[in-house]
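Engineer: One structure, pasted below without further comment.
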Amino acid sequence: MGPHFPLAPPGATIGLLGGSFDPAHAAHLAISRTALRRLKLDRVWWLVSPGNPLKAHGPAPLAARMAAAQALTHDPRIVVTDIEARLGLRKTADTIAALQRLYPGARFVWLMGSDNLVQFHHWDRWREIAAAVPIAVMARPGSRLAARGAPAAQVLRRARLPEHRAALLARMAPPAWTLLNMPMSPLSSTQIRNGGRHA
Ligand SMILES: Nc1ncnc2c1ncn2[C@@H]1O[C@H](COP(=O)(O)OP(=O)(O)OP(=O)(O)O)[C@@H](O)[C@H]1O
Ligand SMILES: O=C(O)c1ccc[n+]([C@@H]2O[C@H](COP(=O)([O-])O)[C@@H](O)[C@H]2O)c1
């Protein structure tokens, strides 16, 4: 493993927050902290994506997005990484398979906002992702209720863990997922790019 790959203490539980981070904002920090606390994670890695495979327009240059994300995070438990670009990967199914191969001692949990659960059935090999890692879905304004009825949520309904048992999720065998309710933030990168309120 190269020097630019994050360290994972043996047996660590690590939340993976994949995103364009174009730019990173306070809600990314808030959901990461909630995931650390409620899922009892040791780390959250921000996987700053080379580019979402479903989005036609590419994001700002990776180096700029990395620098802005790093400037926002002072919590040593949150690690900002461009490991997907370093591995030449952008599809989540590939990323998770590679990380599990590279870090056999770690336990990964995929983190995503509820807007992404609504779209999840459009992701490449999404069932493979759900079979590979537990998933925590973080409530986001406008999609919290839709997430409950999302196609992927229906398919995976028997694998859903009640929220009060979320602390067990990282040690569970997938498929396993939970929806975390929390004080919701309306922040989005789109809003910031359009000149809205900053982090
Ligand atoms: N306000 C929020 N509440 C809950 N989850 C969020 C929020 N903002 C972002 N996320 C989640 O964080 C992850 C990375 O987000 P991303 O980098 O796409 O930012 P974004 O604000 O959703 O960007 P965009 O507006 O460009 O779609 C995604 O899983 C997304 O659902
Ligand atoms: O693998 C896929 O098919 C796929 C499709 C859409 C989104 N994703 C991932 O979901 C994360 C959130 O994407 P984004 O662009 O909304 O920030 C990011 O890690 C993307 O690579 C992955």
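Every read-out reported here was derived from the displayed coordinates using simple, explicitly stated rules and does not represent laboratory data. The structure displayed is predicted, hence computed values, not measured ones. Glycine also receives a Cβ, built like all others from the backbone with ideal geometry; neighbour counts cover every protein chain displayed.
Engineer: Once you treat every alpha carbon in the stretch 48-104 as an equal point and sum by Debye, what is log10 I(q)/I(0) at q = 0.21, 0.27 Å⁻¹?
Structural biologist: Log-scaled intensity ratios, in q order: -0.90, -1.13.
Engineer: Quick check: net charge around ALA12, other residues with Cβ under 9 Å of its Cβ, Lys/Arg +1 and Asp/Glu -1?
Structural biologist: Once positives and negatives cancel, what remains is +1.
Engineer: Something else about it: So, with +1 on the Cβ of K and R and -1 on the Cβ of D and E, and no other charges, what is the size of the charge dipole of the stretch 61-199 about its Cα centre, to the nearest 20 debye?
Structural biologist: My answer is approximately 280 debye.
Engineer: For VAL109, which sequence-distant residues (separation of 5 or more, or a different chain) have an amide H within less than 5 Å of its own amide H, given hydrogens modelled in the peptide plane?
Structural biologist: Hits under the 5 Å cutoff: ILE14, GLY15, LEU16.
Engineer: So, one more: Assign unit charges at the C-beta atoms only (+1 for Lys and Arg, -1 for Asp and Glu), then state the dipole size of the stretch 1-86 relative to its Cα centre in Debye, rounded to the nearest 20.
Structural biologist: 280
Engineer: When all C-alpha to C-alpha distances in the stretch 119-195 are sorted into bins of 10 Å, what percent of pairs does each bin hold, rounded to whole numbers?
Structural biologist: 17, 45, 30, 8, 0
Engineer: Still on this structure: If I take every Cα pair under 8 Å that is 6 or more residues apart in the stretch 3-98, average their sequence separation and divide by the length, what percent do I get for the relative contact order?
Structural biologist: Dividing the mean separation by the residue count of the stretch 3-98 yields 33 percent.
Engineer: Charges at C-beta only: +1 for Lys and Arg, -1 for Asp and Glu. How large is the resulting dipole of the stretch 78-128 about its Cα centre, in Debye rounded to 20?
Structural biologist: 180
Engineer: May I ask which residue of ALA146, ALA68, LEU161 lies farthest towards the positive end of the charge dipole of the chain, with charges of +1 (Lys, Arg) and -1 (Asp, Glu) on Cβ and the Cα centre as origin?
Structural biologist: LEU161
Engineer: Would you mind estimating how fast the stretch 1-159 diffuses translationally, via Stokes-Einstein at 4 °C and 1.567 mPa s with the Kirkwood radius over Cα pairs, in µm²/s?
Structural biologist: Estimated via Stokes-Einstein, D reaches 81 µm²/s.
Engineer: In addition: Among ILE83, ILE135, ILE14, determine the one that fluctuates most according to a GNM of the chain built with springs between C-alpha atoms less than 10 Å apart.
Structural biologist: Among ILE83, ILE135, ILE14, the largest mean-square fluctuation in the Gaussian network model of the chain belongs to ILE83.
Engineer: Could you work out how much longer the chain between HIS121 and LYS40 gets when fully extended? Use 0.36 nm per residue separation minus the Cα distance between them, nm to one decimal.
Structural biologist: Stretched fully, the HIS121-LYS40 segment lengthens by 26.4 nm.
Engineer: To the nearest 500 deg cm²/dmol, what mean residue ellipticity at 222 nm is calculated for the chain from DSSP H runs of n ≥ 4 alone, each contributing -39,500 (n - 2.57), summed and divided by the residues?
Structural biologist: Mean residue ellipticity, 222 nm, calculated: -9000 deg cm²/dmol.
Engineer: Take every Cα pair under 8 Å in the chain that's 6+ residues apart, average their separations, divide by the length, and report that relative contact order as a whole percent.
Structural biologist: In percent, rounded to a whole number, it is 25.
Engineer: To continue, here is another question. Taking Cα centroids, how far is the stretch 121-199 from the stretch 29-107 in Å?
Structural biologist: When both Cα centres are located, 16 Å separates them.
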